[in-house]
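J.: Submitted below is the structure of interest, expressed as C-alpha cells.
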Amino acid sequence: DADARPAGAAHPLANLWDNGRHPVEELRHIMRVRAIALNRFSQANLRGQRPLSELQAVLVPLYLHHRYQVDATAKMIGGVDYRFAVSGDGQVPQQWIGAAQQRDALRALVDCLEPRQLMLDRELMARIPPAAYGYGDDRELFAKRTSMVFDPLAAAEVAADMVVANLLQPQRGARLVAYYEGDTAFGLTTVVDELVDATWNAPLSSVPAEAAVQRVVQRVVLQRMIELADNSAAQNDVRAIATGKLINLLDRISQTRFDDDTWNGHYAVAASEIRRFLDRPAPSSRLPSTLDPPPGSPIGQ
C-alpha cells in the first residue's frame, strides 16, 4: 500500500485497481468501452420496478469507469521503476521512465479531458428525476450544484479533476523537476503546457452544451494550477513553473474578447482570480473548491 496508494506514488506498476498489461494502453481501451456503455445507457439498466432516480447510482461507476486507470497512467509521468535491491543481487535499483513513454501517457490522459468524453446525452438526463421518496442522495452519488436535480456539469467537473489533479500533483511535479526538467525533452513544463494547450488554447465549441463542459474543464485546470503554485509544501521550482504558466495564461486571456457574454465573463473571472493570486491581497482559499468524487476504493464498500 505504501508504494501504491498515495497520490504522489512513483512506481508506474504499483497500483491497487488497474487492469491490463500496460497502463496507457488499458486506459485507451477502457475509454472506448466506457463510450460504448454510455451510448447504450438507458432505463433498461435498472432491474425491476425501481425508481428512475436510481439511474444516478448506476451511472456513477460507469461514468467514472476509467478512474483507476487514470491513476495508473498518471504514475508513468514522473515515474520511477525501482526495485527493493539488495547489495550483490544484480538488480538495477531504479531507472526513470523514458520521455517517449511519458508523452504517450500524457496524451492519453489529456484525451480524457475532451468535452465530448465528458458530456452526457440530453435525452438520458431527461430520464433521471430527483431522488424518489426514501431514496435520498448519498455520498455514492455525484455532488451537485443544481439542488435535487441531476447536475451533468458537476459530473464532468469530477471526472476532469481526477485527471488534472493527478497531472499537477506536487510530488509528481517535484520528480519531474528533479529528474527530468532540462535533461530530456520532457518535464513539468511539458505537462503544464500540454494541459493548457488542450484546454485553454483549444478551439471554442459552438455547441452550447459542449462549450459549458469546456469551461468546466478550463476552470478545473486553472484552479489546480493556482493550488500548485500556492502550495507551500511544493518544491520551489514546481511553484515557479506553475506561477510562470499562470502569468502566461493571464497575458493571453486578458487580451481575448468574444462575441459571447458567457465566454467573456468566464475569461474575466479567470483573469481576476489569477491576478488575485499573483497580488496576494487575500488567501487563495477563497477560490471555490472542486467537487469530491463519489467513493471509489476499497471496491465494494
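J.: When the residues of region 160-192 are filtered to those that are of a type in the set (Gly, Ala, Ser) and assigned to a loop (DSSP other than H, G, I, E, B), which remaining residue is least open to solvent (accessible area, probe 1.4 Å)?
T.: Per the criteria, the residue is GLY187.
J.: When the residues of region 105-127 are filtered to those that are modelled with pLDDT of 90 or more, not acidic (Asp, Glu) and not in a helix (DSSP H, G or I), which remaining residue is nearest to LEU195 (Cα to Cα)?
T.: LEU113
J.: Identify all residues within region 88-106 that are in contact (Cβ under 8 Å) with a residue 12 or more places away in the chain and open to solvent by 50 Å² or more (accessible area, probe 1.4 Å); write none if there are none.
T.: Within region 88-106, GLN94, GLN95, TRP96, GLN101, ARG103 qualify.
J.: Related question: Across region 253-290, what is the total count of residues that are assigned to a loop (DSSP other than H, G, I, E, B) and either modelled with pLDDT of 95 or more or charged (D, E, K, R) (or both)? Break it down into steps so the answer makes sense when it comes.
T.: Just the residues of region 253-290 that are assigned to a loop (DSSP other than H, G, I, E, B), to begin with: 255-260, 280-283, 287-290.
If we keep only those that are either modelled with pLDDT of 95 or more or charged (D, E, K, R) (or both) as well, we get 257, 259-260, 280.
Residues flagged as assigned to a loop (DSSP other than H, G, I, E, B) and either modelled with pLDDT of 95 or more or charged (D, E, K, R) (or both) within region 253-290 amount to 4.
J.: Quick one: in region 202-252, of everything that is assigned to a helix (DSSP H, G or I) and polar (S, T, N, Q), which residue is surrounded by the most Cβ atoms within 10 Å (Cβ to Cβ)?
T.: GLN214
J.: Quick one: in region 127-152, which of the residues that are in contact with an Asp or Glu (Cβ under 6 Å, 6 or more places away or on another chain) and over 21 Å from SER42 (Cβ atoms) is surrounded by the fewest Cβ atoms within 10 Å (Cβ to Cβ)?
T.: Once the filter is applied, the top-ranked residue is ARG145.
J.: ASP138 fails exactly one of the following numbered conditions: (1) at pLDDT 95 or above; (2) over 29 Å from TRP200 (Cβ atoms); (3) acidic (Asp, Glu). What is the number of that condition?
T.: Condition (1) is where ASP138 drops out.
J.: Residues of region 12-33 being touching a residue at least 60 places away in the same chain (Cβ under 8 Å) and touching a Phe, Trp or Tyr at 6+ places or on another chain (Cβ under 6 Å), which ones?
T.: Answer for region 12-33, where residues must be touching a residue at least 60 places away in the same chain (Cβ under 8 Å) and touching a Phe, Trp or Tyr at 6+ places or on another chain (Cβ under 6 Å): just TRP17.
J.: Would it be correct to say that ARG67 is under 30 Å from TYR135 (Cα atoms), basic (Lys, Arg), touching a helix residue (DSSP H, G or I) at 6+ places or on another chain (Cβ under 6 Å) and at pLDDT 90 or above?
T.: Yes, satisfied.
The values are calculated or read from the model by the stated rules, or taken from the named source; none is laboratory data. Predicted model only: the values in this text are computed from it and were never measured. With ideal geometry, Cβ positions are generated from the backbone for all residues, glycine too; neighbour counts draw on all protein chains shown. Accessible surface is based on the protein model in full, side chains and every heavy atom, while ligands, DNA and RNA are left aside. Shrake-Rupley method; radii C 1.70, N 1.55, O 1.52, S 1.80 Å.
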